[in-house]
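Q: Next up is a structure, given as structure tokens.
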Amino acid sequence: MSPRHFLSLMDLSPAEIRQVLDRATRMKRELSEGRPSDLLRHRTVVMVFEKSSTRTRVSFETGITHLGGSTIFLAPSDSQLGRGEPVADTARVLSRMASLIIMRTGEHERVAEMARHAAVPVINGLSDFNHPCQLLADLQTWQEHRGDFSGCRAAWIGDGNNVCHSWMNAARQLDFRLVVATPAGYEPDRDLVAACGSHVTLTHDPAEAASGADVVVTDTWASMGQEEEKNARLRDFEGFCVTPGIMAAANREALFMHCLPAYRGMEVTADVIDGPQSVVWDEAENRLHAQKALMEFLLTR
Ligand code: CP
Ligand code: NVA
């Protein structure tokens with residue numbers, strides 16, 4: 001039987017996403033009650049990371065330890081991938097030993113290639129195109145703070161990037177409305193916008209996006225791999241900082257979210273990210289619980 005992969009939120013049905021979120025909430029409680037699961041006992045997870053990470057790496061490694069398993073972390077300089085061994089061959093070899101592969105990479109096609117040739121589940125730990133694990137944690141956080149998101153409204157303010165794409169998929173899978181405000185030229189992927197239909201609308205006006213929003217989300221203006229564009233982007237994104245003024249345009253109870261790492265004074269002011277509406281530390285913690293639930297889901301299909 002072919003394994004279930006998680007390269008995108010579209011790889012799970014809406015009901016399955018809700019099942020993973022419910023399990024994540026239960027696992028969070030069970031951890032605090034000292035009731036561990038040993039799903040990964042005597043099993044190894046290989047983490048192929050071709051980009052930097054703090055949260056994704058630490059949350060997966062910690063979660064795998066909680067589940068009784070062990071991890072092997074491969075940076076490009078540690079493995080033959082970094083010296084040109086094909087992704088397909090790596091997938092075949094890792095599948096003979098490991099129970100699960102987690103990959104963080106640039107070009108999305110690399111993680112898709114890993115999944116096509118792996119006999120075990122592959123999880124996308126971020127690609128240039130999307131970041132679905134982040135959204136599981138963000139949705140769990142939204143549920144924890146405000147109950148259900150169905151019929152609600154979220155505002156994305158900033159770059160139409162990988163995290164934005166996963167928010168767009170979340171909107172269509174879980175039936176909320178997302179208004180995406182970007183500078184001209186930084187809109188999200190056109191085909192994905194079309195696929196999201198009425199769940200996603202675009203604007204170039206951050207205050208318009210924030211108006212009536214239940215959640216305001218942003219991310220860095222220069223993602224990993226875009227370091228050389230940073231100065232140009234600083235100019236192009238002027239006016240897109242999430243300030244107290246932008247938060248005031250949203251609903252009074254609106255949450256502020258950011259996947260982190262954050263750059264205070266650029267995409268968000270310190271008083272917003274460190275203020276009372278911000279739930280960024282809960283988002284970061286929930287990476288742990290949501291991904292444990294995801295691993296359990298994929299390994300027990
Ligand atoms: N949010 C997130 O994925 O953080 P890291 O890049 O630190 O893993
Ligand atoms: N958009 C950012 C997210 C980091 C978690 C990046 O790709 O660098």
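Q: Test of understanding: in a Gaussian network model of the chain with alpha carbons linked when under 10 Å, which of GLY125, GLY160, GLY84 would top the mean-square fluctuation ranking?
A: Evaluated over the chain, the most mobile residue of the options is GLY84.
Q: Which residue fluctuates the most in the chain, going by a Gaussian network model with Cα springs under 10 Å, if the choices are ILE102, ILE17, ILE72?
A: ILE72
Q: Here is a follow-up. Solvent-accessible area per residue for the chain at a 1.4 Å probe radius, Å²? Could the numbers behind the result be given before it?
A: Details: 12620 Å² over 301 residues.
That works out to 42 Å² for each residue.
Q: Hey, another quick one. What is the distance in Å between the Cα centroid of the range 188-255 and that of the range 257-294?
A: That distance is 15 Å.
Q: What net charge do the residues around ALA184 carry, taking every other residue with its C-beta under 15 Å from that of ALA184, with Lys and Arg at +1 and Asp and Glu at -1? Provide the component values of the computation, followed by the final result.
A: Details: positive: ARG190, ARG233, ARG235; negative: ASP159, GLU187, ASP205, GLU208, ASP236, GLU238.
Every neighbour counted, the sum reads -3.
Q: Count the net charge of all other residues whose Cβ sits under 14 Å from the Cβ of ARG264, scoring Lys and Arg as +1 and Asp and Glu as -1.
A: Here the charged neighbours net out to -4.
Q: Please say if the range 61-141 is rounded, prolate or oblate, where rounded means a/c under 1.5 for a ≥ b ≥ c the square roots of the C-alpha gyration tensor eigenvalues, and otherwise the choice is prolate for a/b larger than b/c and oblate otherwise?
A: Numbers: a/c = 1.78, a/b = 1.26, b/c = 1.41.
Cα axes put the range 61-141 in the oblate bin.
Q: Tabulate in residue order the Karplus-calculated ³J(HN,Hα) for the range 107-120, using 6.51 cos²θ - 1.76 cosθ + 1.60 with θ = phi - 60°, rounded to whole Hz; enter x for Gly and Pro.
A: 4, 4, 4, 5, 6, 5, 5, 4, 5, 4, 10, 8, 9, 10
Q: In the P(r) worked out for the range 52-192, what percent of Cα pairs fall beyond 27 Å?
A: On the way: 3115 of 9870 pairs.
Cα-Cα pairs in the range 52-192 separated by more than 27 Å: 32 percent.
Q: With point charges of +1 on the Cβ of Lys and Arg and -1 on the Cβ of Asp and Glu, referenced to the Cα centre of the chain, which listed residue (ALA262, PRO14, VAL279) lies farthest in the positive direction of the dipole?
A: Positive-most Cα among the choices belongs to PRO14.
Q: How high is the relative contact order of the range 106-176, in percent, with contacts defined as C-alpha pairs under 8 Å that are six or more residues apart? Present the calculation step by step, with values, prior to reporting the outcome.
A: Working: 64 pairs, mean separation 22.2, N = 71.
Relative CO of the range 106-176 lands at 31 percent.
Q: Work out Dmax and Rg for the range 161-243 from the C-alpha atoms and quote the Rg first, both in angstrom.
A: For the range 161-243, the Cα radius of gyration and maximum Cα-Cα distance read 12.8, 37 Å.
Q: If you don't mind, another one. Using 0.36 nm per residue of separation minus the Cα-Cα distance, give me the extension gain between MET1 and GLU208 in nm, one decimal.
A: Values: separation 207, 0.36 × 207 = 74.52 nm, distance 4.79 nm.
Extra length from MET1 to GLU208 when fully extended: 69.7 nm.
Q: Same structure again: For the range 53-70, in order, what is each residue's ³J(HN,Hα) by Karplus, 6.51 cos²θ - 1.76 cosθ + 1.60 with θ = phi - 60°, in whole Hz (x at glycine and Pro)?
A: Whole-Hz 3J(HN,Hα) from phi for the range 53-70: 6, 10, 5, 5, 5, 5, 5, 5, 5, 5, x, 5, 4, 4, 8, x, x, 10.
Q: Which value, in Å³ per residue, describes the convex hull spanned by the Cα atoms of the range 249-301?
A: So the per-residue Cα hull volume is 108 Å³.
Q: Now a separate question. So for the range 102-156, Kirkwood radius off the Cα pairs, Stokes-Einstein at 37 °C and 0.692 mPa s: how many µm² s⁻¹?
A: On the way: Rh = 12.9 Å.
Result for D is 254 µm²/s.
Q: For the range 206-301, what is the charge dipole size about the Cα centre, in debye to the nearest 20, if Lys and Arg each add +1 at the Cβ and Asp and Glu each add -1 at the Cβ? Could you put the intermediate results ahead of the total?
A: Numbers: 8 positive and 16 negative charges, 39 e Å.
Dipole size: approximately 180 debye.
Q: State the antiparallel share, in %, of DSSP beta bridges confined to the range 164-277, rounding to the nearest 5.
A: Values: 0 of 10 bridges.
So the antiparallel bridges in the range 164-277 amount to around 0 percent.
Q: Would any residue of the range 103-125 have its amide N under 17 Å from a label point 7 Å out along Cα→Cβ of GLU228? List them or say none.
A: Taking a point 7 Å out along Cα→Cβ of GLU228, the residues of the range 103-125 whose backbone N falls under 17 Å are 106-107.
Q: Right, here's the next one. Quick check on the range 142-301: take the gyration tensor over C-alpha atoms, sort the square-rooted eigenvalues as a ≥ b ≥ c, and tell me if it's rounded (a/c under 1.5), prolate or oblate.
A: rounded
Q: Take the solvent-accessible surface of the protein heavy atoms, probe 1.4 Å, and return the percent of it on the range 178-301 that carbon and sulfur atoms account for. Can you show the working numbers first?
A: On the way: 2690 of 5380 Å².
On the range 178-301, the fraction of accessible area on carbon and sulfur atoms equals 50 percent.
Q: Divide the volume of the convex hull of the Cα atoms of the chain by its number of residues and quote the answer in cubic angstrom per residue. Could the numbers behind the result be given before it?
A: Working: hull volume 37.9 nm³, N = 301.
Normalising the Cα hull of the chain by residue number yields 126 Å³.
Q: Run the paramagnetic zone check for ALA88: 7 angstrom along Cα to Cβ, then residues of the range 99-142 with backbone nitrogen under 20 Å.
A: Label zone hits: 101, 103, 106-123.
Q: Continuing with this model, one more query. Using a 10 Å Cβ count of at most 15 others and DSSP loop calls, identify the longest part of the chain lacking such GluC sites (Glu not before Pro).
A: Values: sites that count: GLU33, GLU107, GLU238, GLU253.
Result for the longest clean stretch: 108-237.
Q: May I pose another question? Mean-square fluctuation check for the chain, GNM, Cα pairs under 10 Å: which of ALA213, ALA155, ALA249 is largest?
A: Between ALA213, ALA155, ALA249, it is ALA249 that shows the largest mean-square fluctuation.
Q: Separate question: Given contacts defined as C-alpha pairs under 8 Å and at least six residues apart, what's the relative contact order of the chain, whole-number percent? Could you put the intermediate results ahead of the total?
A: Details: 588 pairs, mean separation 60.2, N = 301.
Answer for the chain is 20 percent.
Q: Compute, for the chain, the length of the dipole vector about the Cα centre, with Cβ point charges of +1 (Lys, Arg) and -1 (Asp, Glu) only. Units Debye, rounded to 20. Kindly include the intermediate steps, with their values, before the conclusion.
A: On the way: 31 positive and 40 negative charges, 220 e Å.
The dipole magnitude comes to about 1060 debye.
Q: Hey, if you put +1 on the Cβ of every Lys and Arg and -1 on every Asp and Glu Cβ in the range 12-161, which of THR25, GLN80, ILE157 ends up farthest toward the positive end of that dipole?
A: THR25
Q: Further question: The range 1-94: which trypsin sites (Lys or Arg not before Pro) are DSSP loop and have at most 11 other beta-carbon atoms within 10 angstrom? List each step's numbers first, then the result.
A: Details: sites: ARG4, ARG18, ARG23, ARG26, LYS28, ARG29, ARG41, ARG43, LYS51, ARG55, ARG57, ARG83, ARG92; in loops: ARG4, ARG41, ARG43, LYS51.
Here the trypsin sites (Lys or Arg not before Pro) that fit, given the DSSP loop and packing criteria, are ARG41.
Q: While we're on this one: Compute the distance in nm between two label points, each set 7 Å from the Cα along the Cα-to-Cβ direction, one at ILE72 and one at ASP38.
A: 2.4 nm
Q: According to the square roots a ≥ b ≥ c of the eigenvalues of the Cα gyration tensor, what is the shape class of the range 119-217, taking rounded for a/c under 1.5, prolate for a/b larger than b/c otherwise, and oblate for the remainder? Don't skip to the answer; put the middle values down first.
A: Values: a/c = 1.80, a/b = 1.17, b/c = 1.54.
Because a/c hits 1.5 or more and a/b fails to exceed b/c, the range 119-217 counts as oblate.
Q: For the range 183-269, which trypsin sites (Lys or Arg not before Pro) are both in a DSSP coil and crowded by at most 16 other Cβ atoms within 10 Å? If you can, show how the numbers build up before the last one.
A: On the way: sites: ARG190, LYS230, ARG233, ARG235, ARG252, ARG264; in loops: ARG252.
When the trypsin sites (Lys or Arg not before Pro) of the range 183-269 are filtered for loop state and at most 16 Cβ neighbours within 10 Å, ARG252 remain.
Q: Using alpha-carbon pairs under 8 Å, 6+ residues apart, how would you state the relative contact order of the range 1-155 in percent?
A: Values: 217 pairs, mean separation 41.4, N = 155.
Taking the mean separation of contacting Cα pairs over the length of the range 1-155, I get 27 percent.
The values are calculated or read from the model by the stated rules, or taken from the named source; none is laboratory data. What you see is a predicted model; the values in this text were computed from it and never measured. Backbone-built Cβ (ideal geometry, glycine too); neighbour counts: all protein chains shown. Side chains included, ligands, DNA and RNA excluded: accessible areas come from the protein's heavy atoms. Shrake-Rupley method; radii C 1.70, N 1.55, O 1.52, S 1.80 Å.
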